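Working notes, beginning with the structure itself.
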Amino acid sequence: MFRYSVFILFCICFCACSCSGLSAADKTDDALLLKLDKMIEQREVYRQKVEKEIADFRRMLDYAEDDKLRFDILGNLFTKYRSYRIDTAMIIAKERLQLAEKLKDEELVNQGVMNVADVMNKMGKHENALIMLGRVKRTESVKKDTYFYYLYHTIYLSCYNEAIDDAGKRLAWQKIRAYKDTLIAISEPQSSSYITNKCGRLSMSGQWDEAIRLLEDYYNQSTEDNPDRARMEYLLAELYLGKQDTLRARHYLILSSLTDIANAKKVYMSLQRLAILLFQEGDIARAYNYISCSLKDVNFGKARYRFVDIAEYLPIIQAANDARIRADENRVLIFLMVLLLLVVTLISAFFFIRKKNSKLLKVKQSLAEQNLRLQDMAENLTRMNEQIQESNHIKEEYIGLLFNICSEYIYKQENSRKALLKIANTGSMADISKVLRGQSSTSEDFKLFISKFDTIFLSIFPNFVEAFNALLKEEEHVQLKEGELLTPELRIYALIRLGINDNSKIANFLHYSLQTVYNYRMKMRNKAIVPGKDLAVQVQKL
(Lines give C-alpha, C1' and ligand atoms only; values in the text may rest on other atoms or scores of the structure.)
Protein backbone atom coordinates (compact mmCIF):
# COMPACT_ATOMS: atom_id res chain seq x y z
CA MET A 1 0.00 0.00 0.00
CA PHE A 2 2.92 2.39 0.68
CA ARG A 3 4.21 1.77 -2.84
CA TYR A 4 0.78 2.54 -4.28
CA SER A 5 0.47 5.76 -2.24
CA VAL A 6 3.81 7.08 -3.46
CA PHE A 7 2.91 6.24 -7.02
CA ILE A 8 -0.39 8.13 -6.67
CA LEU A 9 1.54 11.27 -5.68
CA PHE A 10 3.82 10.68 -8.65
CA CYS A 11 0.93 10.47 -11.09
CA ILE A 12 -0.90 13.62 -9.95
CA CYS A 13 1.63 15.74 -11.82
CA PHE A 14 0.02 14.76 -15.15
CA CYS A 15 -2.67 17.34 -14.40
CA ALA A 16 -0.11 20.17 -14.47
CA CYS A 17 0.07 22.04 -17.79
CA SER A 18 3.36 22.24 -19.65
CA CYS A 19 5.52 25.31 -19.04
CA SER A 20 9.16 26.30 -19.23
CA GLY A 21 11.48 25.30 -16.40
CA LEU A 22 13.93 27.39 -14.41
CA SER A 23 17.54 26.44 -14.01
CA ALA A 24 18.76 25.60 -10.51
CA ALA A 25 22.42 26.11 -11.39
CA ASP A 26 24.40 28.34 -9.02
CA LYS A 27 21.33 29.10 -6.87
CA THR A 28 20.69 27.99 -3.32
CA ASP A 29 17.25 26.94 -2.12
CA ASP A 30 17.17 29.92 0.23
CA ALA A 31 17.69 32.33 -2.66
CA LEU A 32 15.05 30.51 -4.72
CA LEU A 33 12.56 30.68 -1.84
CA LEU A 34 13.11 34.43 -1.54
CA LYS A 35 12.51 34.73 -5.28
CA LEU A 36 9.34 32.64 -4.95
CA ASP A 37 8.11 34.87 -2.09
CA LYS A 38 8.56 37.93 -4.29
CA MET A 39 6.85 36.30 -7.29
CA ILE A 40 3.85 35.35 -5.15
CA GLU A 41 3.52 38.97 -4.05
CA GLN A 42 3.62 40.05 -7.70
CA ARG A 43 1.52 37.25 -9.18
CA GLU A 44 -1.09 39.74 -10.36
CA VAL A 45 1.48 40.90 -12.94
CA TYR A 46 1.75 37.37 -14.34
CA ARG A 47 -2.04 36.98 -14.33
CA GLN A 48 -2.41 40.12 -16.42
CA LYS A 49 0.09 38.73 -18.91
CA VAL A 50 -1.98 35.56 -19.36
CA GLU A 51 -5.17 37.61 -19.63
CA LYS A 52 -3.56 39.57 -22.44
CA GLU A 53 -2.64 36.37 -24.28
CA ILE A 54 -6.21 35.13 -23.87
CA ALA A 55 -7.55 38.45 -25.17
CA ASP A 56 -5.32 38.12 -28.24
CA PHE A 57 -6.75 34.66 -28.99
CA ARG A 58 -10.29 35.97 -28.55
CA ARG A 59 -9.63 38.76 -31.05
CA MET A 60 -8.29 36.17 -33.47
CA LEU A 61 -11.47 34.19 -32.90
CA ASP A 62 -13.61 37.20 -33.79
CA TYR A 63 -11.83 37.55 -37.15
CA ALA A 64 -11.70 33.83 -38.00
CA GLU A 65 -13.18 33.26 -41.45
CA ASP A 66 -14.15 29.57 -41.22
CA ASP A 67 -15.22 27.07 -38.57
CA LYS A 68 -12.05 24.94 -38.87
CA LEU A 69 -9.89 27.94 -38.00
CA ARG A 70 -12.25 28.80 -35.13
CA PHE A 71 -11.92 25.22 -33.89
CA ASP A 72 -8.12 25.49 -33.84
CA ILE A 73 -8.17 28.88 -32.06
CA LEU A 74 -10.58 27.48 -29.48
CA GLY A 75 -8.04 24.70 -28.95
CA ASN A 76 -5.43 27.30 -28.02
CA LEU A 77 -7.92 28.96 -25.66
CA PHE A 78 -8.74 25.59 -24.09
CA THR A 79 -5.03 24.97 -23.41
CA LYS A 80 -4.80 28.38 -21.69
CA TYR A 81 -7.94 27.96 -19.58
CA ARG A 82 -7.32 24.29 -18.70
CA SER A 83 -4.94 25.26 -15.90
CA TYR A 84 -6.37 28.75 -15.35
CA ARG A 85 -10.20 28.70 -15.13
CA ILE A 86 -11.91 25.30 -15.20
CA ASP A 87 -15.44 26.67 -15.64
CA THR A 88 -14.40 28.73 -18.67
CA ALA A 89 -12.45 25.76 -20.03
CA MET A 90 -15.73 23.77 -20.00
CA ILE A 91 -17.46 26.48 -22.05
CA ILE A 92 -14.60 26.45 -24.57
CA ALA A 93 -14.62 22.62 -24.74
CA LYS A 94 -18.35 22.49 -25.41
CA GLU A 95 -18.04 25.17 -28.08
CA ARG A 96 -15.27 23.14 -29.76
CA LEU A 97 -17.48 20.05 -29.67
CA GLN A 98 -20.39 21.94 -31.25
CA LEU A 99 -18.15 23.25 -34.04
CA ALA A 100 -16.75 19.76 -34.66
CA GLU A 101 -20.27 18.32 -34.92
CA LYS A 102 -21.21 21.12 -37.27
CA LEU A 103 -18.19 20.32 -39.46
CA LYS A 104 -19.11 16.60 -39.29
CA ASP A 105 -15.46 15.71 -38.85
CA GLU A 106 -15.10 12.54 -36.76
CA GLU A 107 -11.54 13.30 -35.62
CA LEU A 108 -12.48 16.81 -34.55
CA VAL A 109 -15.53 15.49 -32.70
CA ASN A 110 -13.28 13.08 -30.81
CA GLN A 111 -11.03 15.97 -29.78
CA GLY A 112 -14.02 17.97 -28.55
CA VAL A 113 -15.38 15.01 -26.58
CA MET A 114 -11.98 14.43 -24.95
CA ASN A 115 -11.75 18.12 -23.99
CA VAL A 116 -15.16 17.98 -22.29
CA ALA A 117 -14.21 14.77 -20.45
CA ASP A 118 -10.95 16.38 -19.35
CA VAL A 119 -12.74 19.31 -17.72
CA MET A 120 -15.43 17.09 -16.16
CA ASN A 121 -12.71 15.17 -14.37
CA LYS A 122 -11.16 18.40 -13.07
CA MET A 123 -14.61 19.41 -11.78
CA GLY A 124 -14.80 16.16 -9.81
CA LYS A 125 -17.39 14.53 -12.11
CA HIS A 126 -15.34 11.38 -12.72
CA GLU A 127 -18.23 9.07 -13.66
CA ASN A 128 -19.56 11.62 -16.13
CA ALA A 129 -16.06 11.98 -17.57
CA LEU A 130 -15.87 8.21 -18.17
CA ILE A 131 -19.29 8.26 -19.85
CA MET A 132 -18.18 11.15 -22.06
CA LEU A 133 -14.98 9.32 -23.06
CA GLY A 134 -17.16 6.36 -24.04
CA ARG A 135 -18.52 8.53 -26.87
CA VAL A 136 -15.06 8.69 -28.51
CA LYS A 137 -14.94 6.67 -31.74
CA ARG A 138 -12.00 4.24 -31.60
CA THR A 139 -10.38 5.31 -34.84
CA GLU A 140 -6.78 4.43 -35.71
CA SER A 141 -5.63 7.93 -34.74
CA VAL A 142 -7.42 7.68 -31.38
CA LYS A 143 -5.73 4.36 -30.64
CA LYS A 144 -2.39 6.15 -31.03
CA ASP A 145 -3.44 9.32 -29.19
CA THR A 146 -1.58 9.65 -25.85
CA TYR A 147 -4.06 12.35 -24.73
CA PHE A 148 -6.92 9.85 -24.95
CA TYR A 149 -5.23 7.26 -22.73
CA TYR A 150 -3.87 9.98 -20.47
CA LEU A 151 -7.45 11.04 -19.74
CA TYR A 152 -8.45 7.51 -18.75
CA HIS A 153 -5.31 7.27 -16.62
CA THR A 154 -6.05 10.58 -14.86
CA ILE A 155 -9.75 9.84 -14.31
CA TYR A 156 -9.01 6.49 -12.66
CA LEU A 157 -6.32 8.18 -10.60
CA SER A 158 -8.97 10.58 -9.31
CA CYS A 159 -11.31 7.65 -8.64
CA TYR A 160 -8.54 5.94 -6.69
CA ASN A 161 -7.99 9.01 -4.52
CA GLU A 162 -11.70 9.30 -3.71
CA ALA A 163 -12.48 5.59 -3.30
CA ILE A 164 -13.63 4.73 0.21
CA ASP A 165 -13.37 0.93 0.02
CA ASP A 166 -10.47 -1.41 -0.78
CA ALA A 167 -12.29 -3.05 -3.68
CA GLY A 168 -12.78 0.32 -5.39
CA LYS A 169 -9.15 1.23 -4.86
CA ARG A 170 -7.91 -2.10 -6.24
CA LEU A 171 -10.04 -1.76 -9.37
CA ALA A 172 -8.91 1.83 -9.98
CA TRP A 173 -5.30 0.83 -9.38
CA GLN A 174 -5.47 -1.93 -11.97
CA LYS A 175 -6.86 0.53 -14.50
CA ILE A 176 -4.10 3.05 -13.74
CA ARG A 177 -1.41 0.46 -14.27
CA ALA A 178 -3.00 -0.81 -17.48
CA TYR A 179 -3.31 2.65 -19.04
CA LYS A 180 0.24 3.51 -17.99
CA ASP A 181 1.47 0.41 -19.85
CA THR A 182 -0.55 1.50 -22.88
CA LEU A 183 0.95 4.99 -22.78
CA ILE A 184 4.46 3.51 -22.70
CA ALA A 185 3.62 1.25 -25.63
CA ILE A 186 2.24 3.98 -27.93
CA SER A 187 4.66 6.79 -27.02
CA GLU A 188 7.71 7.54 -29.10
CA PRO A 189 10.93 6.35 -27.42
CA GLN A 190 12.78 9.19 -25.67
CA SER A 191 9.65 11.34 -25.79
CA SER A 192 8.42 13.11 -22.66
CA SER A 193 5.39 10.81 -22.44
CA TYR A 194 7.53 7.69 -22.70
CA ILE A 195 10.11 8.83 -20.13
CA THR A 196 7.61 10.01 -17.51
CA ASN A 197 5.42 6.92 -17.75
CA LYS A 198 8.47 4.67 -17.71
CA CYS A 199 9.62 6.38 -14.51
CA GLY A 200 6.16 5.86 -13.09
CA ARG A 201 6.31 2.13 -13.72
CA LEU A 202 9.77 1.95 -12.14
CA SER A 203 8.51 3.78 -9.05
CA MET A 204 5.66 1.26 -8.71
CA SER A 205 8.23 -1.44 -8.04
CA GLY A 206 10.31 0.78 -5.74
CA GLN A 207 13.14 1.31 -8.24
CA TRP A 208 13.63 4.94 -7.22
CA ASP A 209 17.29 5.28 -8.21
CA GLU A 210 16.70 3.90 -11.69
CA ALA A 211 13.66 6.15 -12.19
CA ILE A 212 15.58 9.22 -10.97
CA ARG A 213 18.57 8.43 -13.18
CA LEU A 214 16.36 8.04 -16.26
CA LEU A 215 14.40 11.23 -15.64
CA GLU A 216 17.37 13.38 -14.58
CA ASP A 217 19.29 12.38 -17.72
CA TYR A 218 16.33 13.43 -19.84
CA TYR A 219 15.82 16.61 -17.77
CA ASN A 220 19.48 17.67 -18.01
CA GLN A 221 19.40 17.26 -21.79
CA SER A 222 16.26 19.39 -22.15
CA THR A 223 16.48 23.08 -22.95
CA GLU A 224 15.29 25.97 -20.78
CA ASP A 225 12.27 26.56 -23.02
CA ASN A 226 11.14 22.93 -22.98
CA PRO A 227 7.36 23.04 -22.22
CA ASP A 228 7.61 19.83 -20.16
CA ARG A 229 10.49 21.05 -17.96
CA ALA A 230 8.30 22.09 -15.02
CA ARG A 231 6.38 18.81 -15.13
CA MET A 232 9.67 16.90 -15.03
CA GLU A 233 10.79 18.95 -12.00
CA TYR A 234 7.61 17.97 -10.18
CA LEU A 235 8.09 14.30 -11.11
CA LEU A 236 11.67 14.41 -9.81
CA ALA A 237 10.40 15.88 -6.55
CA GLU A 238 7.93 13.00 -6.17
CA LEU A 239 10.64 10.43 -6.90
CA TYR A 240 12.96 11.97 -4.29
CA LEU A 241 10.09 11.94 -1.80
CA GLY A 242 9.73 8.24 -2.55
CA LYS A 243 13.39 7.90 -1.54
CA GLN A 244 12.67 10.11 1.49
CA ASP A 245 15.25 12.63 0.26
CA THR A 246 13.33 15.76 1.27
CA LEU A 247 16.17 18.20 0.52
CA ARG A 248 16.35 17.30 -3.18
CA ALA A 249 12.55 17.02 -3.35
CA ARG A 250 12.19 20.54 -1.93
CA HIS A 251 14.65 21.91 -4.51
CA TYR A 252 12.63 20.58 -7.44
CA LEU A 253 9.31 21.63 -5.88
CA ILE A 254 10.64 25.20 -5.61
CA LEU A 255 11.67 25.19 -9.27
CA SER A 256 8.30 23.83 -10.37
CA SER A 257 6.44 26.39 -8.21
CA LEU A 258 8.45 29.25 -9.70
CA THR A 259 7.37 28.23 -13.19
CA ASP A 260 3.74 27.74 -12.17
CA ILE A 261 3.57 31.26 -10.73
CA ALA A 262 5.44 32.77 -13.69
CA ASN A 263 2.85 31.26 -16.05
CA ALA A 264 -0.08 32.38 -13.84
CA LYS A 265 -1.31 28.83 -13.35
CA LYS A 266 -4.21 28.51 -10.94
CA VAL A 267 -4.52 24.73 -11.07
CA TYR A 268 -1.29 23.20 -9.80
CA MET A 269 0.21 20.94 -7.14
CA SER A 270 3.80 22.10 -6.64
CA LEU A 271 3.22 25.06 -4.32
CA GLN A 272 0.84 23.28 -1.96
CA ARG A 273 3.15 20.26 -1.78
CA LEU A 274 6.03 22.63 -1.05
CA ALA A 275 3.94 24.26 1.69
CA ILE A 276 3.40 20.88 3.35
CA LEU A 277 7.11 20.07 3.15
CA LEU A 278 8.10 23.45 4.64
CA PHE A 279 5.51 22.99 7.40
CA GLN A 280 7.07 19.65 8.31
CA GLU A 281 10.48 21.38 8.41
CA GLY A 282 9.17 24.04 10.80
CA ASP A 283 8.92 27.02 8.40
CA ILE A 284 5.38 27.82 9.57
CA ALA A 285 5.02 31.37 8.25
CA ARG A 286 6.15 30.52 4.72
CA ALA A 287 4.10 27.29 4.68
CA TYR A 288 0.96 29.23 5.64
CA ASN A 289 1.64 31.84 2.97
CA TYR A 290 2.12 29.20 0.27
CA ILE A 291 -0.90 27.08 1.13
CA SER A 292 -3.09 30.20 1.42
CA CYS A 293 -1.89 31.25 -2.04
CA SER A 294 -2.70 27.75 -3.33
CA LEU A 295 -6.20 27.91 -1.87
CA LYS A 296 -6.90 31.30 -3.46
CA ASP A 297 -5.63 30.12 -6.84
CA VAL A 298 -7.59 26.86 -6.72
CA ASN A 299 -10.70 28.81 -5.77
CA PHE A 300 -10.11 31.20 -8.68
CA GLY A 301 -9.53 28.32 -11.07
CA LYS A 302 -12.65 26.42 -9.87
CA ALA A 303 -10.59 23.22 -9.63
CA ARG A 304 -12.78 21.26 -7.24
CA TYR A 305 -10.54 18.19 -7.29
CA ARG A 306 -7.67 20.21 -5.80
CA PHE A 307 -9.64 21.35 -2.72
CA VAL A 308 -9.34 17.88 -1.17
CA ASP A 309 -5.54 18.06 -1.37
CA ILE A 310 -5.43 21.42 0.41
CA ALA A 311 -8.23 20.82 2.94
CA GLU A 312 -6.28 18.14 4.83
CA TYR A 313 -3.33 20.36 5.76
CA LEU A 314 -4.80 23.86 5.70
CA PRO A 315 -6.41 23.71 9.20
CA ILE A 316 -3.21 22.24 10.69
CA ILE A 317 -0.94 24.84 9.11
CA GLN A 318 -3.36 27.66 9.93
CA ALA A 319 -3.54 26.57 13.57
CA ALA A 320 0.26 26.47 13.79
CA ASN A 321 0.50 29.89 12.15
CA ASP A 322 -2.11 31.34 14.54
CA ALA A 323 -0.10 29.96 17.46
CA ARG A 324 3.03 31.58 16.03
CA ILE A 325 1.25 34.93 15.69
CA ARG A 326 -0.10 34.71 19.26
CA ALA A 327 3.40 33.95 20.54
CA ASP A 328 4.75 36.98 18.68
CA GLU A 329 1.97 39.15 20.10
CA ASN A 330 2.71 37.89 23.61
CA ARG A 331 6.39 38.72 23.20
CA VAL A 332 5.51 42.23 22.03
CA LEU A 333 3.14 42.67 24.97
CA ILE A 334 5.80 41.54 27.44
CA PHE A 335 8.30 43.89 25.84
CA LEU A 336 5.90 46.81 26.13
CA MET A 337 5.18 46.00 29.76
CA VAL A 338 8.90 45.82 30.55
CA LEU A 339 9.45 49.07 28.68
CA LEU A 340 6.65 50.75 30.62
CA LEU A 341 8.11 49.49 33.87
CA LEU A 342 11.51 50.87 32.89
CA VAL A 343 10.02 54.26 32.04
CA VAL A 344 8.23 54.45 35.39
CA THR A 345 11.43 53.40 37.16
CA LEU A 346 13.48 56.02 35.32
CA ILE A 347 10.99 58.78 36.13
CA SER A 348 10.96 57.78 39.79
CA ALA A 349 14.74 57.67 39.86
CA PHE A 350 14.94 61.11 38.24
CA PHE A 351 12.85 62.80 40.94
CA PHE A 352 14.61 60.87 43.68
CA ILE A 353 18.03 62.00 42.43
CA ARG A 354 16.90 65.63 42.30
CA LYS A 355 15.89 65.48 45.97
CA LYS A 356 19.15 63.86 46.95
CA ASN A 357 21.33 66.14 44.82
CA SER A 358 22.99 67.85 47.76
CA LYS A 359 23.97 64.51 49.28
CA LEU A 360 25.57 63.30 46.04
CA LEU A 361 28.03 66.16 45.50
CA LYS A 362 30.85 64.05 46.78
CA VAL A 363 29.71 61.24 44.53
CA LYS A 364 29.87 63.53 41.50
CA GLN A 365 33.33 64.73 42.47
CA SER A 366 34.49 61.14 42.80
CA LEU A 367 32.91 60.30 39.48
CA ALA A 368 34.70 63.22 37.88
CA GLU A 369 38.01 61.98 39.25
CA GLN A 370 37.29 58.51 37.94
CA ASN A 371 36.37 60.02 34.61
CA LEU A 372 39.76 61.78 34.41
CA ARG A 373 41.49 58.52 35.26
CA LEU A 374 39.47 56.78 32.58
CA GLN A 375 40.54 59.43 30.06
CA ASP A 376 44.15 58.92 31.09
CA MET A 377 43.70 55.18 30.67
CA ALA A 378 42.17 55.62 27.23
CA GLU A 379 45.08 57.89 26.22
CA ASN A 380 47.51 55.29 27.53
CA LEU A 381 45.71 52.63 25.53
CA THR A 382 46.00 54.82 22.42
CA ARG A 383 49.71 55.27 22.94
CA MET A 384 50.17 51.57 23.58
CA ASN A 385 48.20 50.76 20.43
CA GLU A 386 50.40 53.08 18.32
CA GLN A 387 53.45 51.19 19.51
CA ILE A 388 52.11 47.79 18.43
CA GLN A 389 53.17 47.75 14.77
CA GLU A 390 54.92 44.41 14.54
CA SER A 391 52.04 42.58 12.87
CA ASN A 392 48.41 43.25 12.00
CA HIS A 393 47.28 40.16 13.85
CA ILE A 394 48.92 41.15 17.16
CA LYS A 395 47.70 44.74 16.75
CA GLU A 396 44.08 43.73 16.17
CA GLU A 397 43.97 41.18 18.99
CA TYR A 398 45.52 43.61 21.47
CA ILE A 399 43.15 46.46 20.61
CA GLY A 400 40.17 44.14 21.08
CA LEU A 401 41.51 43.01 24.45
CA LEU A 402 42.19 46.55 25.69
CA PHE A 403 38.77 47.84 24.73
CA ASN A 404 37.06 44.91 26.37
CA ILE A 405 38.92 45.85 29.59
CA CYS A 406 37.57 49.39 29.27
CA SER A 407 34.04 48.12 28.66
CA GLU A 408 34.20 45.86 31.73
CA TYR A 409 35.55 48.79 33.76
CA ILE A 410 32.57 50.95 32.80
CA TYR A 411 30.20 48.17 33.81
CA LYS A 412 31.89 47.96 37.20
CA GLN A 413 31.38 51.69 37.70
CA GLU A 414 27.69 51.37 36.78
CA ASN A 415 27.16 48.44 39.18
CA SER A 416 28.90 50.42 41.97
CA ARG A 417 26.72 53.44 41.25
CA LYS A 418 23.56 51.34 41.50
CA ALA A 419 24.74 50.00 44.85
CA LEU A 420 25.27 53.59 46.07
CA LEU A 421 21.79 54.59 45.02
CA LYS A 422 20.38 51.63 46.89
CA ILE A 423 22.29 52.67 50.05
CA ALA A 424 21.28 56.30 49.57
CA ASN A 425 17.66 55.22 49.58
CA THR A 426 18.05 54.08 53.16
CA GLY A 427 19.25 57.57 54.12
CA SER A 428 22.48 56.30 55.74
CA MET A 429 25.14 58.91 54.99
CA ALA A 430 27.74 56.96 56.90
CA ASP A 431 27.35 53.97 54.58
CA ILE A 432 27.52 56.24 51.54
CA SER A 433 30.75 57.85 52.73
CA LYS A 434 32.21 54.44 53.43
CA VAL A 435 31.39 52.95 50.02
CA LEU A 436 31.91 55.90 47.68
CA ARG A 437 35.40 56.01 46.32
CA GLY A 438 34.92 56.72 42.71
CA GLN A 439 31.94 56.51 40.46
CA SER A 440 31.22 58.06 37.09
CA SER A 441 28.28 58.66 34.82
CA THR A 442 28.42 55.59 32.64
CA SER A 443 26.57 57.23 29.80
CA GLU A 444 29.12 60.03 29.51
CA ASP A 445 32.01 57.67 30.17
CA PHE A 446 30.73 55.29 27.57
CA LYS A 447 30.29 58.05 24.99
CA LEU A 448 33.85 59.11 25.58
CA PHE A 449 34.97 55.50 25.42
CA ILE A 450 33.18 54.94 22.11
CA SER A 451 34.65 58.17 20.73
CA LYS A 452 38.12 56.93 21.65
CA PHE A 453 37.38 53.58 20.12
CA ASP A 454 36.27 55.19 16.84
CA THR A 455 39.37 57.41 16.75
CA ILE A 456 41.80 54.59 17.45
CA PHE A 457 40.14 52.24 15.00
CA LEU A 458 40.18 54.79 12.19
CA SER A 459 43.80 55.64 12.90
CA ILE A 460 44.64 52.00 12.20
CA PHE A 461 42.16 51.58 9.36
CA PRO A 462 41.81 55.12 7.94
CA ASN A 463 40.07 53.84 4.77
CA PHE A 464 37.64 51.55 6.57
CA VAL A 465 34.48 53.59 5.83
CA GLU A 466 35.26 53.85 2.10
CA ALA A 467 36.20 50.17 1.88
CA PHE A 468 33.04 49.14 3.73
CA ASN A 469 30.84 51.27 1.44
CA ALA A 470 32.40 49.50 -1.53
CA LEU A 471 30.74 46.30 -0.25
CA LEU A 472 27.29 47.97 -0.29
CA LYS A 473 24.95 48.94 -3.09
CA GLU A 474 25.66 52.46 -4.33
CA GLU A 475 22.38 53.86 -3.10
CA GLU A 476 22.85 52.20 0.34
CA HIS A 477 26.26 53.76 1.19
CA VAL A 478 26.66 54.84 4.83
CA GLN A 479 26.73 58.63 5.11
CA LEU A 480 28.47 60.03 8.20
CA LYS A 481 27.06 63.12 9.88
CA GLU A 482 29.24 66.11 10.59
CA GLY A 483 31.57 65.32 13.48
CA GLU A 484 30.60 61.61 13.41
CA LEU A 485 33.39 59.04 13.07
CA LEU A 486 31.44 55.80 12.94
CA THR A 487 27.73 54.96 12.90
CA PRO A 488 26.40 52.15 15.15
CA GLU A 489 26.35 49.81 12.12
CA LEU A 490 29.94 50.70 11.17
CA ARG A 491 31.02 50.25 14.79
CA ILE A 492 29.61 46.70 14.85
CA TYR A 493 31.51 45.82 11.68
CA ALA A 494 34.62 47.54 13.05
CA LEU A 495 34.55 45.02 15.89
CA ILE A 496 34.11 42.24 13.34
CA ARG A 497 37.19 43.62 11.53
CA LEU A 498 39.07 43.29 14.82
CA GLY A 499 38.09 39.63 15.03
CA ILE A 500 35.08 39.94 17.37
CA ASN A 501 32.32 38.19 15.41
CA ASP A 502 30.11 36.80 18.18
CA ASN A 503 26.85 38.78 18.55
CA SER A 504 26.72 38.40 22.32
CA LYS A 505 30.28 39.75 22.73
CA ILE A 506 29.51 42.67 20.41
CA ALA A 507 26.31 43.41 22.36
CA ASN A 508 28.19 43.39 25.67
CA PHE A 509 30.97 45.55 24.24
CA LEU A 510 28.66 48.25 22.79
CA HIS A 511 25.95 48.01 25.50
CA TYR A 512 23.35 46.97 22.92
CA SER A 513 20.75 44.27 23.22
CA LEU A 514 21.46 41.05 21.35
CA GLN A 515 18.43 41.73 19.14
CA THR A 516 19.72 45.20 18.27
CA VAL A 517 23.06 43.79 17.11
CA TYR A 518 21.24 41.14 15.07
CA ASN A 519 18.98 43.77 13.47
CA TYR A 520 21.92 46.03 12.55
CA ARG A 521 23.81 43.12 10.99
CA MET A 522 20.76 41.92 9.05
CA LYS A 523 20.13 45.48 7.82
CA MET A 524 23.66 45.72 6.42
CA ARG A 525 23.49 42.23 4.89
CA ASN A 526 20.37 43.26 2.98
CA LYS A 527 22.24 46.30 1.61
CA ALA A 528 25.35 44.36 0.55
CA ILE A 529 26.30 43.58 -3.04
CA VAL A 530 27.94 40.38 -1.88
CA PRO A 531 25.87 37.44 -0.57
CA GLY A 532 24.65 38.37 2.92
CA LYS A 533 26.44 35.55 4.73
CA ASP A 534 29.75 36.58 3.10
CA LEU A 535 29.63 40.21 4.29
CA ALA A 536 31.39 39.53 7.61
CA VAL A 537 34.06 37.48 5.82
CA GLN A 538 34.71 40.31 3.34
CA VAL A 539 34.90 42.89 6.15
CA GLN A 540 37.59 40.88 7.90
CA LYS A 541 39.67 41.17 4.72
CA LEU A 542 39.46 44.99 4.55
Item checked: For region 113-194, size of Cβ-based charge dipole, Lys and Arg +1, Asp and Glu -1, in debye -> 160 debye
Next item on the list: Enumerate the calculated ³J(HN,Hα) couplings along region 218-229 in order (Karplus 6.51 cos²θ - 1.76 cosθ + 1.60, θ = phi - 60°), each rounded to whole Hz, writing x wherever the residue is Gly or Pro.
Entry: 5, 5, 5, 7, 7, 8, 4, 8, 5, x, 9, 5
Notebook entry, point to check: Across region 70-174, how many lysine pairs separated by 8 or more positions, or lying on different chains, have Cα atoms within less than 25 Å?
Noted result: 25
Check: Counting only residues 5 or more places away or on other chains, whose amide H sits under 5 Å from the amide H of Asn226 once H atoms are built in the peptide plane?
Finding: Gly21
Check: Given a 1.4 Å probe and the protein chains all in place, what does the accessible area of Arg525 round to, in Å² to the nearest 10?
Finding: 80 Å²
Item checked: Amide H within-cut-off set for Leu472, under 5 Å, with H built and near neighbours excluded -> Ile529
Note to self: I'd like to check one number: the per residue accessible area of region 121-186, probe 1.4 Å, reported in Å² as a whole number.
What the structure shows: 50 Å²
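For Arg58, Arg326, write out the residues from largest to smallest accessible area, computed with a 1.4 angstrom probe and no ligands counted. Please list the in-between numbers first.
Values: Arg58 90, Arg326 130 Å².
If we order Arg58, Arg326 from most to least accessible, we get Arg326, Arg58.
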Next item on the list: Pop out the ³J(HN,Hα) list for region 347-359 in order, Karplus 6.51 cos²θ - 1.76 cosθ + 1.60 with θ = phi - 60°, rounded to Hz; leave Gly and Pro as x.
Entry: 5, 4, 5, 4, 5, 5, 5, 4, 5, 9, 4, 5, 7
Check: Can you put Lys125, Lys481, Lys175 in order of accessible area, largest first, using a 1.4 Å probe?
Finding: Lys481, Lys125, Lys175
Notebook entry, point to check: Residue by residue through region 36-44, which ³J(HN,Hα) values in whole Hz follow from phi under the Karplus form 6.51 cos²θ - 1.76 cosθ + 1.60 (θ = phi - 60°), with glycine and proline marked x?
Noted result: 5, 4, 5, 5, 5, 5, 9, 5, 5
Note to self: Students sometimes get this wrong: rank Met90, Met337 by accessible area, probe 1.4 Å, all chains present, largest first.
What the structure shows: Met337, Met90
Check: Cα centroids of region 259-299 and region 71-122: how far apart, whole angstrom?
Finding: 29 Å
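Given a 1.4 Å probe, how much area per residue of region 436-542 is accessible, in Å²? Please list the in-between numbers first.
Details: 5530 Å² over 107 residues.
Each residue of region 436-542 exposes 52 Å² on average to a 1.4 Å probe.
Hey, any idea what % of region 479-518's accessible area is carbon plus sulfur with a 1.4 Å probe?
On the way: 950 of 2000 Å².
Taking all protein chains in place, region 479-518 shows 47 percent carbon and sulfur surface.
Extension gain Glu489-Arg138, at 0.36 nm per residue separation less the Cα-Cα distance, in nm? Can you show the working numbers first?
On the way: separation 351, 0.36 × 351 = 126.36 nm, distance 7.39 nm.
Answer, rounded to one decimal: 119.0 nm.
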Notebook entry, point to check: Can you work out the base-10 log of I(q)/I(0) for region 213-342 at q = 0.11, 0.12, 0.17 1/Å, using the Debye formula on its C-alpha atoms alone?
Noted result: -0.48, -0.55, -0.91
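The values are calculated or read from the model by the stated rules, or taken from the named source; none is laboratory data. Since the model is a prediction, treat every value here as computed from it, not as a measurement. Positions of Cβ are generated from backbone atoms using ideal geometry, with glycine treated the same way; all protein chains shown enter the neighbour counts. The area values use the complete protein model at the heavy-atom level, side chains included, leaving out ligands, DNA and RNA. Shrake-Rupley method; radii C 1.70, N 1.55, O 1.52, S 1.80 Å.
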